[in-house]
1. Extension gain His252-Asp214, at 0.36 nm per residue separation less the Cα-Cα distance, in nm?
2. Using Stokes-Einstein with the Kirkwood hydrodynamic radius over Cα pairs, what translational diffusion coefficient do you get for region 117-241 at 10 °C and a viscosity of 1.306 mPa s, in µm²/s rounded to a whole number?
3. With a point put 7 Å past each Cα toward its Cβ, work out how far Met170 is from Gln124 in nm, to one decimal.
4. So between Tyr310 and Arg151, what do we pick up on full extension, going 0.36 nm a residue minus the alpha carbon distance?
5. List the pair-distance distribution P(r) of region 104-179, using every Cα-Cα distance, as the percent of pairs falling in each 10 Å bin from 0 up to the bin containing the longest distance, rounded to whole percents.
6. Label points 7 Å out from Cα along the Cβ direction at Gln101 and Ser271: separation in nm?
7. If you average the alpha carbon positions of region 124-159 and of region 187-226, how far apart do those two centres end up, in angstrom?
8. Sorted from largest to smallest, which semi-axis lengths in Å does the alpha carbon gyration tensor of region 159-297 give for its equivalent ellipsoid, taking the root of 5 times each eigenvalue?
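Since every read-out is calculated from the coordinates, none of them should be taken as a lab result. Since the structure is predicted, the reported quantities are computational estimates derived from the model, not experimental observations. Neighbour counts are summed over all protein chains in view; Cβ atoms, including those assigned to glycine, are modelled from backbone coordinates with ideal geometry.
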Amino acid sequence: MRRSSRTGRGSAHRVGRGSGAATAAVAVLALSAVTAGCKAQPAGSAPAAPSPPASSSPTDDAKPGKDGTQSATPSASAKPSTKPSAPPTSSPKSTPSADPQATVLMASGSQGKQVRELQARLRQIGHFDRSPTGYYGSVTVTAVQSFQGKRGLSRTGRTDTVTWQRLLGMTHAPTAAELNPPTARPAAKPDKRCMTGRVICISKNSRTLSWMNDGKVVSSMDVRFGSQYTPTREGTFSVYWKSRHHVSSIYHTAMPYAMFFSGGQAVHYSSDFAARGYSGASHGCVNVRDEGKIASLFAQVRNGDKVVVY
């Protein structure tokens, strides 16, 4: 049996360019394999078995034997008492509960400006070790639990009015730079291929993307890449297709602000990246987690602009 020599480096999305029915058929078949790579998958796993998003409720705050619900098992030799039991004089010890008068302001799944401020304030006092994202995911839940635990509050992971007022009293109003730093990590020194013209300059080492015009950085943002099974290609490319409301025809998942540069591989916004961070991976695409930043980038980039991945 002859082995097929097709590599499958293309997109499942038909661009509509070809020189005949046979060419179009081959192109569509080849492109289908790589666009499938844009659905998020867990880092280091085979693409066929993506794991579910990380839990937003860490279990390290729920230790056995401290919730007051466990009771001792009676011994088989114990004799029943003939005297009526006296009413208990005190309730068993239990984990402190949340203030019944407190109102929950933010919790897992919340997003917006107040979440970003919460994260910036937690970062000021060492409970949040990354840049604010505006999304209340598992990392934020853990940070809030840490803050609550050190202040003698119930470690619910939810930000109620008591937790919020305590945090306000210990921190200052975040500056614009604290609320919206360019990236979670310092942007890498641009590759020499990025120093001329209009370039989307993407560093795998720093996991950052910089939009550059004639050697000057206009904006930077955090990105993540494909897993070891479906790596993001490296080299010099150009944007050949932009699709604002793109949806993968293989996985039926949203790929907003998609800018295709190599077959089915594109730079696009990822809600999964925004929620889980670097605990996941794409199937080859360059994921951006800040929707506002990629929306601005999408508006500036033109077909034909250079893309450098290194």
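1. Extra length from His252 to Asp214 when fully extended: 9.9 nm.
2. 94
3. Modelled inter-label distance: 1.2 nm.
4. Extending this stretch completely gives an extra 52.7 nm.
5. With 10 Å bins starting at 0, P(r) equals 22, 62, 16, 0.
6. 3.9
7. 31
8. Semi-axes from the Cα gyration tensor: 29, 20, 13 Å.
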